[in-house]
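The values are calculated or read from the model by the stated rules, or taken from the named source; none is laboratory data. Predicted model only: the values in this text are computed from it and were never measured. Note that we place each Cβ from the backbone using ideal geometry, even for glycine, and neighbour counts take in every protein chain shown. The protein model used for the area step is the full one, side chains on, heavy atoms only, and it has no ligands, DNA or RNA in it. Shrake-Rupley method; radii C 1.70, N 1.55, O 1.52, S 1.80 Å.
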Amino acid sequence: MLYRKILRPLLFKLPPETAHEMALHTLSLALGTETLRRLASKRFERRLFGDLRRFGLNFANPVGLAAGFDKNGLVARQMAALGFGFIEVGTVTHIPQPGNSQPRLFRLPLDRALINRQGFNNEGAAALVEHLKSERPGCVLGINIGKSRAVELEDATGDYLASFRVVRPLADYVTINVSSPNTPNLRELQRADRLSALLSELQSANREAAAETARAPVPLLVKVSPDLSTGELEMIVDVSRRAGVSGIIATNTTTSRTDLNTPAPQVAACGEGGLSGAPLRLRSTRMIAQLRRLTRGSMEVIGVGGIFSAADAWEKICAGASLVQLYTGLIYEGAGVARDINEGLAEIIHRQGFPSLDDAVGCRAEELAAA
Ligand SMILES: Cc1cc2nc3c(=O)[nH]c(=O)nc-3n(C[C@H](O)[C@H](O)[C@H](O)COP(=O)(O)O)c2cc1C
């Protein structure tokens, strides 16, 4: 309430990227010490879901912070203290890069949406690892890697491998981002031949490193675009399954601009980029349901796109997501969003008579896939 009535109107007067920088600094200071973080997390530490075991990891709750908010791993511990069950940092690239020129982030309040074309602005994989060594969150940590802009598509595998080797020792899971619309041609890596080559090289490196360190291979996840056809999605599931991928994150932002409430000239003035938030919700839910159908539960699906409330998260779980993530919801709902969604979800599960969250995963997949 305080956020929506007072803080959000003030923050929304600032350019979006300035507000983001301010939020990172404020979080860093306000929850800068272990004592303050413990005080903050006291409010969120109720165990509402029992143990959630996914790809060999235990999650305290199913609501994660999506990639892009904390690209350089600067506030992962602070975000965990706000009640997120897992934090995905990045996207990082092997070569540090400034990203696209500003402005590159836009708000569409009438649609509860954002458009961004940041283009993987980040300090690089090595710097991320340096920050996280002393700032590791006390929850599951995912690290999302992408292709450096300066590297040609043909050389993408070597570039991903270089990042993978740097981040693997610190990551609980690694996400292979092949779906951002803001790096030229990146989404070409979703094609069967390219994806298959990329994943098999990454898994070889993964197995080798595991053998050397007497540690299990780290779970690999693939993040997909919401703009894929059913045929393309089918192929990605097939390739991912054969490569031993642990899960699919559905979805990244969309390049579509259909059915928006914001006047068309205002949308056009934002220019190119990925649209996130409420307009993405159903598109992403439908894809999750299709993935549930295609994988028949053999791979975990992490649902992301337009989650603002417990009802939105519940819809993703019913479609087949066994974990969810959000980014835009945090901008519109504020720091309490993970706590509110977790409490609401526990209530919905109880009210609907499911013995556990796991029993609800995919319960409406058929209906939602066809919607
Ligand atoms: C400003 C912004 C930056 C993002 N950067 C990344 C990124 O670096 N890597 C990535 O995989 N996804 C990135 N995303 C996509 C989100 O992780 C998420 O998949 C998408 O926004 C849909 O979820 P949402 O509707 O809850 O925001 C970004 C999203 C936004 C809004």
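Summed over the stretch 257-293, the residues that are within 12 Å of the ligand (Cβ to nearest atom) and either touching a Cys at 6+ places or on another chain (Cβ under 6 Å) or at positive phi (or both) give a count of 2. In the condition set (1) more than 13 Å from the ligand (Cβ to nearest atom); (2) in a loop (DSSP other than H, G, I, E, B); (3) surrounded by 18 or more Cβ atoms within 10 Å (Cβ to Cβ), G138 is compliant with all but (3).
Note on the stretch 166-180: among residues that are open to solvent by less than 40 Å² (accessible area, probe 1.4 Å) and assigned to a helix (DSSP H, G or I), the one that is farthest from S134 (Cα to Cα) is R168.
Select from the stretch 291-305 the residues that are out of contact with any Phe, Trp or Tyr (no Cβ under 8 Å at 6 or more places or on another chain) and either touching a residue at least 60 places away in the same chain (Cβ under 8 Å) or more than 18 Å from L280 (Cα to Cα) (or both) and list them in ascending order.
We begin by selecting, within the stretch 291-305, every residue out of contact with any Phe, Trp or Tyr (no Cβ under 8 Å at 6 or more places or on another chain); these are 291-299, 301-303, 305.
R292, R293, L294, T295, R296, G297, S298, M299, I302, G305 - these are the residues of the stretch 291-305 that are out of contact with any Phe, Trp or Tyr (no Cβ under 8 Å at 6 or more places or on another chain) and either touching a residue at least 60 places away in the same chain (Cβ under 8 Å) or more than 18 Å from L280 (Cα to Cα) (or both).
Taking (1) modelled with pLDDT of 95 or more; (2) more than 27 Å from L11 (Cα to Cα); (3) open to solvent by 50 Å² or more (accessible area, probe 1.4 Å) in turn, K133 satisfies each apart from (1). The set of residues from the stretch 309-355 being over 18 Å from D51 (Cβ atoms), open to solvent by 10 Å² or more (accessible area, probe 1.4 Å) and part of a loop (DSSP other than H, G, I, E, B) comprises S309, Y327, A335, G336, Q352, G353.
Given T213, T183, which one is open to solvent by 10 Å² or more (accessible area, probe 1.4 Å) and in contact (Cβ under 8 Å) with a residue 12 or more places away in the chain? Full working, then the answer.
On the way: T183 fails: open to solvent by 10 Å² or more (accessible area, probe 1.4 Å).
So the residue among T213, T183 that is open to solvent by 10 Å² or more (accessible area, probe 1.4 Å) and in contact (Cβ under 8 Å) with a residue 12 or more places away in the chain is T213.
Please work out if T230 is farther than 20 Å from Q325 by Cα, polar (S, T, N, Q) and without any contact (Cβ under 8 Å) to a residue 40 or more places away in the chain. Write out each step before concluding.
Working: farther than 20 Å from Q325 by Cα: yes; polar (S, T, N, Q): yes; without any contact (Cβ under 8 Å) to a residue 40 or more places away in the chain: no.
No: the conditions fail for T230.
Just one of the numbered conditions (1) away from the ligand (no atom under 14 Å from the Cβ); (2) under 15 Å from F84 (Cα atoms); (3) in contact with a helix residue (DSSP H, G or I) (Cβ under 7 Å, 6 or more places away or on another chain) is not true of G303: (1). Going by the conditions given, is L195 closer than 17 Å to A250 by Cα, touching a strand residue (DSSP E or B) at 6+ places or on another chain (Cβ under 8 Å) and not in a loop (DSSP other than H, G, I, E, B)? So L195 fits the description; yes.
Looking across G277, G271, one residue alone is crowded, with 22+ Cβ neighbours inside 10 Å and either in contact (Cβ under 8 Å) with a residue 24 or more places away in the chain or in contact with a Phe, Trp or Tyr (Cβ under 6 Å, 6 or more places away or on another chain) (or both). It is G277.
Quick one: would you say L189 is of a type in the set (A, V, I, L, M), surrounded by 15 or more Cβ atoms within 10 Å (Cβ to Cβ), within 16 Å of the ligand (Cβ to nearest atom) and more than 24 Å from V140 (Cβ to Cβ)? So L189 passes the test.
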